[in-house]
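Report on the structure given below.
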Amino acid sequence: MSEIILGTGHLKTIGKVISTVEGEVSKREGIPRKLVCRGDWIEFVAERADFKNAFDRFELKIRPLHADWVAAIKEVARQYGDVSTVAEESGLYTIQCPPLDTPPSPKSKEAAEKYAGCITLPEIWRVHGDNFRIDPVNVELLFQAMVQYKASDIHLTPGETPVFRVDGQTMHSEVMGALSGMQINGLVREIASDQYWNEFVNTKQTSFNFHQVGLGYSRVSAFNKSGSIHCTLRFLPEKIPTFEDLSIPRDLMVRLASYHHGLVLVTGMTGSGKTTTSAALLDYINSNKSLHILSIENPIEFVHVNKKSLMSQRCLGVDVDSFNAAVTGALRHDPDVIFIGEMRDPDTIRAAINAAATGHLVISTLHSNTASETVNRIVSFFDPVERDLVRLQLRDSVRCIICQRLVPKIGGGRVPALEFLFNDIKPINDGIILGDTDAIRIGMQQTVGSSFLFESYLYGLFKSNKIDYAHAQLFSTDQSILDQMHMGTYSVPRLDSLKALRAGG
């Protein structure tokens, strides 16, 4: 590992120095069985036979700055000559506690402390660890644990046991001991292709798909933090979940699958289930319609097989260089449905809108907190001079925007709360062209359209005893609307209410 420079302050014992530097080394590279610490006038090596017990074998090299330091070292050597050896050459004292080929004992550890106590210990140390765990990480065991815990993710970081994300919360597991950076590095090298490993070496981060046969797939993300490797695995089942499995409305999703063209967006914050919902929609189309479905992902997550449709999954960096190039090229590949893993730059968004306008059904994901603000989120990617045109294109191409949040269920687990924006009535159409989020929200509440807000869906989950009211309030966008529904005082806002409000302001 690389050397760490630490300011420890004025510590009086070598035990306190070891305790301090061990904590820093463990956070970066894992638990060491050997520590090498260098100061201006002392260097010491501390070793132990395992990863749990205290260090018990020491080698100290001291270059005394004062004559009284020399006298003190000689006095300790006289008292502890049975458990230590001292050799001096050119003013450098090399001390072994215990002597080589001698088993350690409490007295030899005490001797090391006494020798170090003969001098003033430095306040600045140059440290590195060694003899970390190197046994291979059992990938199958990690997948089995993710299935058992129903975990969405697992985090592997040096010096820690695996951390699982279950129902949105992180939890440590003793499924295996604390891992070292060498073990995590070895795991990534083992499960990554040469292309992705080289990407990690060159850029300090990479993301790819890994399949543990019989258990599931995983989107693997490896990156460096504070100079050390960290790895996250997102669990993806081999069997793509159905609408029923995900507890999302089948009738509305079937309606989306029936579209022949236009833009359908699945939005939400990170970890809200956008990818899973999109996969379920694609799988339904694949199972029920005879089409050509082309997906562009980075990396490929859920793996689809040909059913009634022909599936073509393309991976960024392997099959094509960019989302924009893939979407533009897709128009020549005779697709009926195009799935774009994420709309994250102007060129990709522009290509997606063009594909939707030329008779294709385009499905994609986007980070957004509500369906109504998605339009302005998309428009914000573009320069001001382009924004009016983009809004016009969105008005004509958007068919539906879904936004979802995962809410804790009564009794454990999580259930999706959904918001659907169907571009099916003039007030929403007008709100899109104006980029007016408030107008879109008012349009979504009109009973003549099919749209609905989070508050309506959350209230339904509460009434069906799937979530408690406190969580319904917490995950609502406008708690006052939810409270009005709960008290029976909610009424659909009039279309002219926003105009009247602005006139009054």
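For this structure, a couple of remarks:
- Segments classed as helices (runs of 4 or more DSSP H), wholly inside segment 334-413, with at least 3 members that are crowded, with 16+ Cβ neighbours inside 10 Å and under 22 Å from the mean Cα position of the chain (by Cα): none
- Taking segment 338-358 as the range and being touching a Phe, Trp or Tyr at 6+ places or on another chain (Cβ under 9 Å) and not polar (S, T, N, Q) as the test, the residues that pass are Ile340, Gly341, Glu342, Met343, Arg344, Asp345, Pro346, Asp347, Ile349, Arg350, Ala351, Ala352.
- Residue match in segment 311-318 (condition: in contact (Cβ under 8 Å) with a residue 24 or more places away in the chain, assigned by TED's automatic domain parsing to the domain that holds Glu342 and farther than 28 Å from Arg377 by Cα): yes
- Answer from Tyr217, Tyr196 - the residue that is within 19 Å of the chain's Cα centre (by Cα), part of a strand (DSSP E or B) and among the aromatic types (Phe, Trp, Tyr): Tyr217
- Within segment 314-333, the only residue that satisfies the criterion of being in a strand (DSSP E or B) and touching a Leu at 6+ places or on another chain (Cβ under 8 Å) is Arg314.
- Under the condition of being touching a Ser or Thr at 6+ places or on another chain (Cβ under 9 Å) and not in a loop (DSSP other than H, G, I, E, B), the residues counted in segment 220-242 number 14.
- Lone qualifier among Pro103, Pro64 - being over 25 Å from Glu123 (Cβ atoms) and at pLDDT below 95: Pro103
- Identity of the residue in segment 41-64, of a type in the set (Phe, Trp, Tyr) and part of a loop (DSSP other than H, G, I, E, B), that ends up nearest to Asp135 (Cα to Cα): Phe51
- For segment 275-291, the candidate set comprises residues that are modelled with pLDDT of 95 or more and touching a Gly at 6+ places or on another chain (Cβ under 9 Å); within that set, the residue that is farthest from Phe243 (Cα to Cα) is Ser278.
- Residue in segment 121-130 that is at positive phi and in contact with a strand residue (DSSP E or B) (Cβ under 6 Å, 6 or more places away or on another chain) present: no
The values are calculated or read from the model by the stated rules, or taken from the named source; none is laboratory data. None of the values given here were measured: they were computed from a predicted structure. Backbone-built Cβ (ideal geometry, glycine too); neighbour counts: all protein chains shown.
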